[in-house]
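A quick write-up on the structure given underneath.
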Amino acid sequence: MKLLREFFSRMSDTRARAATVLSMNRRNLHYIYTRNQRKHFPLADDKLLAKEILVAAGVRMPETYLTYSYFYELRNLERELGAYHDFVIKPAQGSGGNGIIVIVGRSGSDWLGISGKIYTLYDLQKHISDIIFGIYSFDLGDRAIIESRITQHAEMQELSPLGLADVRVIMCDDIPVMSMTRIPTRQSDGKANLHQGALGVAIDIVTGITTHGRFLGQPIVNHPDSGIHLIGRALPYWPEVIELARLAARSVPLKYLGVDISISPDGPQLLEINVRPGLEIQNVNERGMLSILQAMTMQGSDDEQ
């Protein structure tokens, strides 16, 4: 009888937790499509278009050095890239970190990537050509962006020694709902993408202190590569991170979105916005977003009365 009671108690707890989880269908139907008009989706899908609007609104972002839209523009690539010691190459309409190359310096006549890989002029020409051709944007013509490289704050570098970590904040009606930092690993090849093997660490939205970690679907408290302890750390510039997320959300007509931010030695910088932010953040936080969103909606209704 005792085992039976324990079984039904666990079943009840599971159902109660499931009721707080934001599902993909509910996210799409009740939050994305009701708050984001389809005509505004390109603001999130095109990084150059988003940057133009956000920077004009005072949102701090990496500086754009160069853009390439046509193959013939690459004829002066060596001279144009030679003006910069380090930089990032990315597709304007890429997603999931695909197509991004981080250059940290020169190696003779070649370029040195962040992972130690050497890139020749031909390698970079080919990569940018692939971006323009649409290899990283669903076979649609795209533009290549060359922009300044963000160096991490020392505390973020300690937490994420294998690549640039980012902080994702889910925003709804310009209010921060849930947050995590995505930390690259060897498995993710230095990319902050959970589906490629990065680890997620939940952040308390009020204090900026890390609370839970998750790696490949399993709880984790130490970085799998460096061994650094992940939990109970106060992220630097946290009030500024939240304020930057609020400013970015207020600057676009998209009222449910993910805001991705990196923390540099002199403060946070916005990387990009995402109109379809993933739901794995709930597993990382060990908490569903639906109950938070519903409470926000009820509070908003009370405030209007």
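The values are calculated or read from the model by the stated rules, or taken from the named source; none is laboratory data. Just so we're clear, the structure is a prediction, and the values are computed from it rather than from any experiment. Glycine also receives a Cβ, built like all others from the backbone with ideal geometry; neighbour counts cover every protein chain displayed.
Tabulated values for the structure
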{"quantity": "Any hit, segment 285-297, residues being touching a Leu at 6+ places or on another chain (Cβ under 9 Å), within 25 Å of residue 97 (Cα to Cα) and surrounded by 21 or more Cβ atoms within 10 Å (Cβ to Cβ)", "calculated": "yes"}
{"quantity": "Residue list for segment 225-250, restricted to those being under 15 Å from residue 165 (Cβ atoms) and in contact (Cβ under 8 Å) with a residue 40 or more places away in the chain", "calculated": "225, 226, 228, 230, 233, 235, 236, 237, 241"}
{"quantity": "Filtered residues of segment 39-72 (kept if touching a helix residue (DSSP H, G or I) at 6+ places or on another chain (Cβ under 9 Å), closer than 14 Å to residue 252 by Cα and part of a helix (DSSP H, G or I))", "calculated": "42, 43, 44, 49, 50, 53, 54"}
{"quantity": "Residue 128 vs. criteria at pLDDT 95 or above, touching a Phe, Trp or Tyr at 6+ places or on another chain (Cβ under 8 Å) and within 24 Å of residue 273 (Cα to Cα)", "calculated": "yes"}
{"quantity": "Lone unmet requirement of (1) surrounded by 15 or more Cβ atoms within 10 Å (Cβ to Cβ); (2) touching a Ser or Thr at 6+ places or on another chain (Cβ under 8 Å) for residue 155", "calculated": "(2)"}
{"quantity": "Checklist (1) under 30 Å from residue 236 (Cβ atoms); (2) surrounded by fewer than 17 Cβ atoms within 10 Å (Cβ to Cβ) applied to residue 169, failing item", "calculated": "(2)"}
{"quantity": "Members of segment 179-206 that are more than 13 Å from residue 159 (Cα to Cα), assigned to a loop (DSSP other than H, G, I, E, B) and under 13 Å from the mean Cα position of the chain (by Cα)", "calculated": "191, 193"}
{"quantity": "Looking only at segment 256-286, and only at residues there that are in contact with a His (Cβ under 7 Å, 6 or more places away or on another chain) and in a loop (DSSP other than H, G, I, E, B), the one that is farthest from residue 92 (Cα to Cα)", "calculated": "286"}
{"quantity": "Test for residue 253: is it in contact (Cβ under 8 Å) with a residue 12 or more places away in the chain, over 19 Å from residue 46 (Cα atoms), in contact with a helix residue (DSSP H, G or I) (Cβ under 6 Å, 6 or more places away or on another chain) and not in a strand (DSSP E or B)", "calculated": "no"}
{"quantity": "Evaluation of residue 76 against (1) without any contact (Cβ under 8 Å) to a residue 24 or more places away in the chain; (2) assigned by TED's automatic domain parsing to the domain that holds residue 129; (3) under 28 Å from residue 248 (Cα atoms) (one fails), failing number", "calculated": "(3)"}
{"quantity": "Residue match in segment 80-94 (condition: outside any loop (DSSP other than H, G, I, E, B), surrounded by fewer than 15 Cβ atoms within 10 Å (Cβ to Cβ) and free of Cβ contacts under 8 Å to residues at least 60 places away in the same chain)", "calculated": "no"}
{"quantity": "Yes/no for residue 123 being assigned by TED's automatic domain parsing to the domain that holds residue 70, within 17 Å of residue 83 (Cβ to Cβ) and not hydroxyl-bearing (Ser, Thr, Tyr)", "calculated": "no"}
{"quantity": "Among the residues listed as 176, 219, the single one being surrounded by fewer than 21 Cβ atoms within 10 Å (Cβ to Cβ) and touching a His at 6+ places or on another chain (Cβ under 9 Å)", "calculated": "219"}
{"quantity": "Matching residues in segment 45-76 - criterion: being hydrophobic (A, V, I, L, M, F, W, C), out of contact with any Lys or Arg (no Cβ under 8 Å at 6 or more places or on another chain) and closer than 16 Å to residue 91 by Cα", "calculated": "49, 50, 66, 71, 74"}
{"quantity": "Those residues of segment 211-234 which are over 26 Å from residue 31 (Cβ atoms), out of contact with any Phe, Trp or Tyr (no Cβ under 7 Å at 6 or more places or on another chain), of a type outside the set (Val, Ile, Thr) and not in a strand (DSSP E or B), in sequence order", "calculated": "216, 223, 225, 226, 227, 230, 232, 233"}
